[in-house]
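*Asks:* Below you'll find the structure I mean.
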Amino acid sequence: MSQEIFHIIKPGLMSTFQDKGRTGYQRFGVPVSGAMDRFALQVANILVGNPRYEACIEVALIGPKIEMLHSMTIAITGANLEPKVNGEAKPMWTSFTVYKGDRLSFGRHQEGVFAYIAIAGGIDCPSFLGSKSTDVKSGFGVPVEKGVRINGFPRINKTNVGLKISEIPVYKKKVEIAVIEGPHTEMFTAEEREQFFNVTHTLEANSNRMGYRLKTNIEHWGNTANIWSDAIPYGGIQIPPNGQPIILMADRQTTGGYPRIGTVISSDLSKLAQLVPRGQIQFYRTTIEEAQNQAIKMEKSIRNLALFRKNIN
Amino acid sequence: MKITVNGDKAVKIEFPGSVTADLNQEIQRFCRELEAAAINGVVEWVPAYKSVTIYYEPTKILYSELVNTINALPSHHSGEDQKITSRLLHVPVLYGGNVGPDLERVASYNHLSPNEVIKLHQEANYLVYMIGFLPGFPYLGGLNKKIATPRLEEPRASTFAGAVGIAHEQTGIYPIESPGGWNIIGRTPITLFNPNDEQNPFQFEAGDQICFYSISEQEYQRIELLVKRGEYQLQIDGCID
């Protein structure tokens, strides 16, 4: 039965509901949306015993302050924003139980950008086209706001279920990101492509869930003409006329008309999403075969974790 | 067809030739074949002006396997020019006045009277080449060049849902309120996108044809009311082009 679980005292910088996103409607122009860091989302859910893609609360850089309206098991993954319960530090990437009246708050930003709060039993919020992901621009839901009460199906599950320290991602301020070139490779000269992989790019502060804007010291791109609009995957790297690349992220539009020099491989998207503003990126080339090997490896490790969690119930 | 890697979870199928209604037919045919083939691991696909992008899960089907499967689809071999039937949807529009703030601009840019613009806008059947930009936003080809008008220099912070606009040689309809730079010449009372309707959230799909017809303010209000009650039926004809 649906019950009130959270009272939002402070919403944080940008707190939304996010799951795997909306698939199957891109041909109707509906953005996929969904968690920026799919790995952290899935792990948070697995740790509390939820299905992998249950909706979590995604918080960015500055966490919310929440009063518990019910006792339940939760887990927090992703960016380390120093989670605390009643002022006492709580571990990341580990399930623990909070009690009615407790206050969950966050301290100083340590590393990463997006943290995920998973609630054992799941959140009860409206679903549109098969997803609970908030996408304000398209008219799907509203961000988590001050004073709001959130409903859910709270449960008390096993606590202290966590990742081994060695398995917890470390979010650095300088990252190496693998890219598959294309699909508009012919729009760029060999020299431009070489430069793109040689220079260090800086993430701009005006980046958001739609796109990560980069500052790049490539003075002249020969050809930045518009192309016939086509579909853009998560991680597509556009070069608009001003020459400053934009990486299309979770809330991207379904289609776009700027040429794309490459696409970030799916297994590096979490690392990219967690890069802080003014962080640095060095891109390197990889092949489709290598990228798909990595994607399969990542899926296997998440599946193993889910299996492990199931066996300790 | 040219198949290009688009990251490790998507491929882009590019169709040769210029962007025409015929090429769009080819793209729609290809999409129907994809649907019929129900390839394991394929998540969805997005038709555009000159391409179809297929999203897939590499944990279920690898790039090389998907390419082989696509190459084995019938359209790749037959070369038959079978026409597919598309729908023709009649869209009511209230032109000008408060709901067509840029009608005068379109008219003066093209040295026409507002009434001539309205007449020319209704003459053509438009093809939905693709849907993108916003949920349910149709990119319509087939605009008479006599009323083609560049985008606004300063995009509006907000354009209302149902706004019928012109940008260069394209016309389109805003399904939801959004910032935008199109020249707005009128408004339709019909709903293009209803996020709460799980069964039928979208009015149009790529490959449809659309024609516009002018309505009065009274008719606008009558249709708007019917739409609210969920009783409005858009006139839809089958048509073979």
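*Asks:* Mind jotting down the distance between the C-alpha centroids of the range B:164-238 and the range A:188-233, whole Å?
*Replies:* If we compute the Cα centre of each part, the gap is 36 Å.
*Asks:* To continue, here is another question. Computed from the mean reciprocal separation of all distinct C-alpha pairs, what Kirkwood hydrodynamic radius does chain A have, in Å?
*Replies:* 20.1 Å
*Asks:* Where only protein heavy atoms count, and the probe is 1.4 Å, what is the accessible area per residue for the range B:86-239 in Å²?
*Replies:* That works out to 45 Å² per residue.
*Asks:* Among A:Thr202, A:Ala250, A:Asn311, whose Cα sits farthest toward the positive end of the charge dipole of the range A:194-313 (+1 at Cβ of Lys/Arg, -1 at Cβ of Asp/Glu, about the Cα centre)?
*Replies:* A:Asn311
*Asks:* Say a site is exposed when it is one of the trypsin sites (Lys or Arg not before Pro), sits in a DSSP loop, and has at most 12 other Cβ atoms within 10 Å; what is then the longest site-free stretch of chain A?
*Replies:* Between exposed loop sites, the widest span is A:174-277.
*Asks:* GluC sites (Glu not before Pro), restricted to the range B:192-221: which are DSSP loop and have at most 11 other Cβ atoms within 10 Å?
*Replies:* B:Glu198
*Asks:* With every protein chain present, what is the per residue accessible area of chain A (1.4 Å probe, Å²)?
*Replies:* For chain A, the per-residue accessible area is 41 Å².
*Asks:* Divide by every residue of the protein assembly as shown the summed helix terms, -39500 (n - 2.57) for each DSSP H run of at least 4, and state the resulting mean residue ellipticity at 222 nm, rounded to the nearest 500 deg cm²/dmol.
*Replies:* The helix-only estimate for the protein assembly as shown comes to -6000 deg cm²/dmol at 222 nm.
*Asks:* Let me ask you something else. Based on the alpha-carbon set only, what is the convex hull volume of chain B divided per residue, in Å³?
*Replies:* 143 Å³
*Asks:* Over the range A:37-189, calculate the relative contact order: mean separation of alpha carbon pairs under 8 Å at least 6 apart, over the residue count, as a percent.
*Replies:* 27 percent
*Asks:* For the range B:48-63, take each phi angle, set θ = phi - 60°, evaluate the Karplus expression 6.51 cos²θ - 1.76 cosθ + 1.60, and give the result in whole Hz per residue in order, putting x for glycine and proline.
*Replies:* With coefficients 6.51, -1.76 and 1.60, one gets 9, 4, 10, 8, 10, 9, 9, 9, 8, 9, x, 6, 10, 9, 7, 3 Hz.
*Asks:* Sticking with this one: How many percent of the accessible area of chain A is carbon or sulfur, using a 1.4 Å probe?
*Replies:* 50 percent
*Asks:* Taking GluC sites (Glu not before Pro) that fall in a DSSP loop and have at most 13 other Cβ atoms within 10 Å as cut points, what is the longest piece of chain A between them?
*Replies:* A:1-144
*Asks:* With θ taken as phi - 60° and the coefficients 6.51, -1.76 and 1.60, list the Karplus ³J(HN,Hα) couplings across the range A:273-279 in order, rounded to whole Hz; mark glycine and proline as x.
*Replies:* Listing the rounded values in order: 4, 8, 6, 6, x, 6, x Hz.
*Asks:* Of A:Gly112, A:Ala178, A:Ile123, which is farthest towards the positive pole of the range A:112-194's charge dipole, taken about the Cα centre with +1 and -1 on the beta-carbons of Lys, Arg and Asp, Glu respectively?
*Replies:* Checked the options; the winner is A:Ile123.
*Asks:* With the crude spin-label approximation of a point 7 Å out along Cα→Cβ, what separation in nm comes out for A:Arg103 versus B:Asn144?
*Replies:* It works out to 6.8 nm between the two label points.
*Asks:* Let me ask something else about it. Along the positive direction of the dipole of chain B (beta-carbon charges: Lys, Arg +1; Asp, Glu -1; about the Cα centre), which of B:Pro47, B:Thr159, B:Tyr126 reaches farthest?
*Replies:* B:Thr159
*Asks:* Can you give me the convex hull volume of the Cα atoms of the range A:43-187, divided per residue and expressed in Å³?
*Replies:* Hull volume over Cα atoms, normalised by residue count, gives 159 Å³.
*Asks:* Which whole number of Å³ per residue matches the convex hull of the alpha-carbon atoms in the range B:55-160?
*Replies:* 195 Å³
*Asks:* With charges set only on the Cβ (+1 for Lys and Arg, -1 for Asp and Glu), what does the dipole of the range B:86-239 come to about its Cα centre, in debye to the nearest 20?
*Replies:* 180 debye
*Asks:* Normalised by the residues of chain B, what does the relative contact order come to in percent, with Cα pairs under 8 Å and at least six apart?
*Replies:* Relative contact order comes out at 21 percent.
*Asks:* Could you work out how far the C-alpha centroid of the range A:267-297 sits from that of the range B:114-147, in angstrom?
*Replies:* Result: 41 Å between the Cα centres.
*Asks:* While we're on this one: Under a 5 Å amide H to amide H cut-off, with H placed in plane at 1.01 Å, what residues pair with A:Arg252 once short-range neighbours are removed?
*Replies:* A:Ser33
*Asks:* Kindly provide the pair-distance distribution of the protein assembly as shown built from C-alpha pairs, with 10 Å bins from 0 and whole-percent values in order of increasing distance.
*Replies:* With a bin width of 10 Å, the distribution comes to 3, 17, 25, 25, 19, 9, 2, 0.
*Asks:* Whole-Hz ³J(HN,Hα) for each residue in the range A:6-15, computed from phi via Karplus 6.51 cos²θ - 1.76 cosθ + 1.60 with θ = phi - 60°, x for glycine and proline: what do you get?
*Replies:* 10, 10, 7, 7, 9, x, x, 6, 7, 10
*Asks:* In whole Å, what three semi-axes, largest first, describe the equivalent ellipsoid of the range A:131-203 built from its Cα gyration tensor (square root of 5 times each eigenvalue)?
*Replies:* For the range A:131-203, the semi-axes come out at 40, 24, 13 Å.
*Asks:* Let me ask something additional. For the range A:145-186, what is Rg from Cα atoms divided by 2.2 N^0.38 Å, rounded to two decimals?
*Replies:* Normalised Cα radius of gyration, the range A:145-186: 2.27.
*Asks:* Dipole of the range A:1-137, Cα-centred, from +1 at each Lys and Arg C-beta and -1 at each Asp and Glu C-beta, to the nearest 20 debye?
*Replies:* It comes to approximately 220 debye.
*Asks:* What are the equivalent ellipsoid semi-axes of the range A:226-279, built from the alpha-carbon gyration tensor (square roots of five times its eigenvalues), in whole angstrom, biggest first?
*Replies:* Each semi-axis is √(5λ); the values are 20, 13, 9 Å.
*Asks:* Then there's this: In whole angstrom, and with the biggest value first, how far do the Cα coordinates of the range B:2-78 range along each principal axis?
*Replies:* 36, 24, 17
*Asks:* Further, regarding this structure: Nearest 100 Å² is fine: how much accessible area is buried between A and B, summed over both sides, with a 1.4 Å probe?
*Replies:* 3500 Å²
*Asks:* Counting only residues 5 or more places away or on other chains, whose amide H sits under 5 Å from the amide H of A:Ala178 once H atoms are built in the peptide plane?
*Replies:* A:Ile265, A:Tyr284
*Asks:* Same structure again: Kindly state, to the nearest 0.05, the FRET efficiency for B:Glu153 paired with A:Thr185, given R0 = 41 Å and r defined as their beta-carbon distance.
*Replies:* With R0 = 41 Å, the Cβ-Cβ based efficiency is 0.80.
*Asks:* Additional query: Using only the alpha carbons of the range A:174-294, what is the convex hull's orientation-averaged projected area in square nanometres?
*Replies:* 6.7 nm²
*Asks:* Enumerate by residue number the GluC sites (Glu not before Pro) in the range B:24-110 meeting two conditions: DSSP loop (anything except H, G, I, E, B), and at most 10 other Cβ atoms within 10 Å of the site's Cβ.
*Replies:* B:Glu80
The values are calculated or read from the model by the stated rules, or taken from the named source; none is laboratory data. Here the structure is a predicted model, which is why all the values come from computation and not from measurement. A quick note on method: Cβ atoms are made from the backbone with ideal geometry, for glycine too, and the neighbour counts reach across all protein chains shown. Accessible surface areas use protein heavy atoms only, side chains included; no ligands, DNA or RNA. Shrake-Rupley method; radii C 1.70, N 1.55, O 1.52, S 1.80 Å.
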